[in-house]
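Here is the structure we will look at.
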Amino acid sequence: MSNRVYIKTVGCQMNVLDSEMVIADLKRNGYTVVDSPEEADCVLYNTCSIREQAEEKTYSALGTIRQAKEKDPDKVIGVMGCMAQKDQELVFKRAPYVDLVVGPGQLHTIPALLDKVRGGEGRQMAVSLSRKAGSQLEIARSHETFDPLRDPTMRPTPFQAYLRIQIGCDKFCTYCVVPNTRGPEQGRSPDQILAEAEVLAEQGALEITLLGQTVNSYKFKHEDGTVTDMASLLQRLHEIDRIKRIKFVTNYPKDMTERLLETIRDLPKVSPYLHVPAQSGSDDVLKRMKRGYTVADYMAMMERIERILPNAAISSDFIVGFCGETEEDFQKSVALVRRCRFKNSFIFQYSVRPGTKASERLEDDVPRDIKARRNNELLAVQDEVAKEDNLKFVGKEVEILVEGPSKKGIKNDEGDQLIQMIGRTSCDRIVVFDGNRRQAGQFMSIQIDDASSHTLIGRVKTVEVVSLGSLV
Ligand code: SAH
Ligand code: SF4
Ligand code: F3S
């Protein structure tokens with residue numbers, strides 16, 4: 001039997017990492033990866049439920065694959081990830097030709113379930129327990145992931161890797177599906193994390209990005225009662241020689257302690273880049289979101305960061321048009337962007353999610369066109385402050401890790417001439433410059449000549465050649 005698998009991944013970095021691991025597992029079971037669903041014997045969709053639009057895109061992709069399945073009934077169609085966990089049987093109802101539904105906590109079962117489907121045992125489903133369907137421990141166990149399986153060939157670049165340190169989330173923001181799809185918050189054991197980081201370093205990773213929904217709340221309780229927190233974990237990871245840069249996302253404002261900020265300051269390999277979503281600039285909205293902090297708390301956190309890490313870059317997420325958001329509330333989000341001058345912000349229009357507190361108790365009362373207008377307005381202000389701050393880099397030199405050719409570079413690559421390359425500074429700013437593919441994976445100094453709201457534009461700093469003539 002031929003074993004060709006195609007995987008399509010949408011959603012956040014957690015999903016990118018999950019896909020990498022599923023592929024590593026399938027390769028060990030004799031599968032090879034192909035680039036299109038047409039060539040594949042098994043087509044897997046790794047899905048996201050964070051907004052309705054993300055789900056609708058997946059259902060529409062499933063609609064398109066139906067024809068291929070009709071032509072070739074042996075082709076296996078699998079849906080994995082957050083939408084699989086959230087919709088469960090509903091996936092089979094909406095797309096009856098799907099063979100496999102697997103939640104993010106059950107991904108290790110995929111090779112065996114594929115065997116069952118292909119052996120004629122019919123459609124298969126493996127999902128984790130819902131938040132009330134068992135004891136704390138049983139629920140947590142059912143959401144555990146199988147992270148040690150890593151496959152560098154599945155990464156966007158071989159020298160950058162994700163490393164999960166925390167599973168799930170217990171914050172229960174009223175709009176959010178994640179505590180349901182990914183289960184209870186669990187810190188992975190520091191020994192496991194360290195061992196995995198060593199594997200990544202051996203595979204060539206220079207930069208690791210630690211992943212968790214509220215990564216700075218990371219805690220692991222040892223059997224002797226002692227606790228490893230995020231600061232201690234960073235200290236331990238910092239000792240791995242071959243790893244040169246450590247980033248971590250996403251942070252929760254309330255848990256950005258002085259101890260953590262001081263640790264970041266004292267560890268040169270840890271990036272002074274903090275993605276710490278505010279979600280709204282209005283206390284009333286934050287309260288309805290159950291975010292657990294006020295705007296004053298957020299500003300106090302900004303003050304701590306400014307004092308301890310004056311050169312840090314901060315980025316945020318915002319939801320516009322949340323239940324009951326007035327124009328005045330919205331203008332407070334605009335004001336917060338102006339005050340905090342985020343490096344960038346991801347801005348989303350509120351989308352009602354079944355199963356969340358907001359969907360049960362609050363009315364989605366901001367019309368679509370107002371959500372869209374607020375989205376554009378907030379984005380324009382964000383871009384304005386980002387451009388002003390990026391322009392401050394003009395004339396300066398920055399150090400970047402080169403990632404590879406930019407999209408434009410790939411399009412214009414005709415051989416040996418210079419192409420546009422892309423890289424990032426330690427504070428996560430994107431830098432483009434003319435260079436060549438061999439520079440990928442190198443740390444380089446770039447002289448910045450221009451900037452837009454999302455990108456710094458520069459050139460390789462050439463070593464000044466001192467004319468010998470002037471010396472004699
Ligand atoms: N754990 C992270 C966020 C994960 S989801 C945190 O707490 O910051 C990524 C982003 O999606 C969120 O920050 C939020 O801005 C957005 N989001 C989540 N649920 C949403 C919903 N129902 N509608 C619109 N945006 C949403
Ligand atoms: Fe969702 Fe809130 Fe948890 Fe982030 S902290 S994953 S927004 S519930
Ligand atoms: Fe989406 Fe699940 Fe990530 S809902 S954003 S893929 S945790």
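General observations
- Cα-based reach from K392 at 19 Å (exclusive), listing lysines while leaving out same-chain residues under 8 positions away: K343, K461
- Quotient of Cα Rg and 2.2 N^0.38 Å for segment 300-356, N being how many residues it contains: 1.37
- Computing FRET efficiency as 1/(1 + (r/R0)^6) for H222 and E399, where r is the C-beta to C-beta distance and R0 is 25 Å, gives about 0.10.
- Here, segment 4-134 yields an orientationally averaged convex hull projection of 7.8 nm² when only Cα atoms define the hull.
- When F220, F346, F443 are compared by accessible area of protein heavy atoms, the largest-first order is F346, F443, F220, using a 1.4 Å probe.
- Segment 78-166: equivalent-ellipsoid semi-axes (sqrt of 5 x gyration tensor eigenvalues, Cα, Å): 24, 20, 12
- Taking the Cα centre of segment 176-312 as reference, the dipole from Cβ charges on Lys and Arg (+1) and Asp and Glu (-1) amounts to some 420 debye.
- Listed residues K27, K132 arranged by accessible area, highest first, probe 1.4 Å: K132, K27
- Summary value for the chain: 9 percent relative contact order, contacts being C-alpha pairs under 8 angstrom separated by 6+ residues.
- Spin-label model, D266/V199: points 7 Å from Cα along the beta carbon direction are separated by 3.1 nm.
- Candidate residues H143, H238, H454, H222: accessible-area rank, largest first, probe 1.4 Å: H454, H222, H238, H143
- Cα lying deepest toward the dipole's positive end in segment 186-325, options L260, L274, S217, charges on Cβ: L274
- Highest-first arrangement of 5-17, 98-110, where packing means the average Cβ count within 10 Å: 98-110, 5-17
- Segment 62-187, dipole about Cα centre (Lys/Arg Cβ +1, Asp/Glu Cβ -1), debye to the nearest 20: 280 debye
- Portion, in percent, of the accessible area of the chain that falls on carbon or sulfur, probe 1.4 Å: 50 percent
- Each principal axis of the Cα atoms in segment 286-391 has its own extent, and those three values, largest first, are 42, 27, 23 angstrom.
- Sequentially through segment 216-226, phi angles give Karplus couplings (6.51, -1.76, 1.60; θ = phi - 60°) of 7, 8, 3, 8, 9, 9, 7, 4, 7, x, 6 Hz, Gly and Pro residues having no value and appearing as x.
- Net lengthening on full extension, S445/D413 (0.36 nm per residue, minus Cα-Cα): 9.2 nm
- The figure for R4 is an accessible area of roughly 100 square angstrom, using a 1.4 Å probe on the protein chains alone.
- The charge dipole of the chain, taken about its Cα centre with unit charges on the Cβ of Lys, Arg, Asp and Glu (plus for the first two, minus for the last two), comes to roughly 320 debye.
- Nearest-0.05 FRET efficiency for R339 and K392, computed from C-beta distance (R0 22 Å): 0.80
- At a probe radius of 1.4 angstrom, the accessible area of the chain per residue rounds to 46 square angstrom.
- Approximating the spin labels as points 7 Å out from Cα along Cα→Cβ, the D369-to-R437 distance works out to 5.0 nm.
- On the principal axes of its alpha carbon atoms, the chain extends 85, 55, 55 Å, with the longest extent given first.
- Each peptide in 61-72, 293-304 was scored by the mean count of other Cβ atoms within 10 Å over its residues; highest first, the order is 293-304, 61-72.
- Taking 0.36 nm per residue of separation and subtracting the Cα-Cα distance, full extension of the segment from A54 to D297 would add 84.3 nm.
- In a fully extended conformation the segment linking N376 and L137 would gain 81.6 nm over its present Cα-Cα distance, using 0.36 nm per residue.
- Within a straight-line Cα-Cα reach of under 14 Å, K357 can be paired with the following aspartates and glutamates, leaving aside sequence neighbours fewer than 8 residues apart in one chain: D170.
- Pairs from the list K69/K407; K8/K387; K290/K332 with a Cα-Cα gap above 24 Å: K69/K407; K8/K387.
The values are calculated or read from the model by the stated rules, or taken from the named source; none is laboratory data. In this text, all values refer to a predicted model and were calculated from it rather than measured experimentally. Methodologically, a virtual Cβ is constructed for each residue, glycine included, from the backbone with ideal geometry; neighbour enumeration extends over all protein chains shown. For the accessible areas, the whole protein counts, side chains as well, though only heavy atoms, and no ligand, DNA or RNA atoms are used. Shrake-Rupley method; radii C 1.70, N 1.55, O 1.52, S 1.80 Å.
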